[in-house]
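None of the figures in this text is laboratory data; all of them are computed from the coordinates on show. Values in this document were obtained by computation on a predicted structure and should not be read as measured data. Glycine gets a Cβ as well: all are built from the backbone with ideal geometry, and neighbour counts include every protein chain shown.
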Amino acid sequence: MNTINLDEKIGKTVGKRKPPRDMVAYGLALQNSVSKLCPLRVPRGVYKFRTHEEADQWLMTQMTKTR
């Protein structure tokens, strides 16, 4: 098991990117941009399954269908 020394100083920092001021807005913008690039191809609606395995199999089938 590896241990992490929290008191150790960071030797080198690469880049000057600063964290966003509003993390919630940043997360929502990131989620919207990803969903536009790769939309989920599952038909909308309510589906009932007997087991989780059956639901997982249906979801994988829907996601792997070609358009």
Review point. Pairing the Cα long axis of helix 52-64 with the longest principal axis of the chain, what angle in degrees results, from 0 to 90 and rounded to the nearest 10?
Key: 80 degrees
**Study point:** Dipole in debye (nearest 20) - the chain, about Cα centre, beta carbon charges: Lys, Arg +1; Asp, Glu -1
**Key:** 480 debye
Point to revise | Inter-probe distance in nm under a simple model that places probes 7 Å from Cα toward Cβ, at L30 and V42 | key: 2.2 nm
Review point. Taking the simple approach of a point 7 Å from Cα along Cα-to-Cβ for both F49 and R21, what is their distance in nm?
Key: 4.4 nm
Point to revise | Degrees between helix 23-37 axis and first principal axis of the chain (Cα, 0 to 90, nearest 10) | key: 50 degrees
Exercise for review: Place +1 on the Cβ of every Lys and Arg and -1 on the Cβ of every Asp and Glu in the chain, take the dipole about the Cα centre, and give the residue among H52, L37, N5 whose Cα lies farthest towards its positive end.
Suggested key: L37
**Study point:** Alpha-carbon Debye profile of the chain, log10 I(q)/I(0) at 0.15, 0.17 Å⁻¹
**Key:** -0.81, -0.85
Study note, to complete from the structure: In nanometres, the difference between 0.36 nm per residue of separation and the alpha-carbon distance of T64 and E8 is 15.5 nm
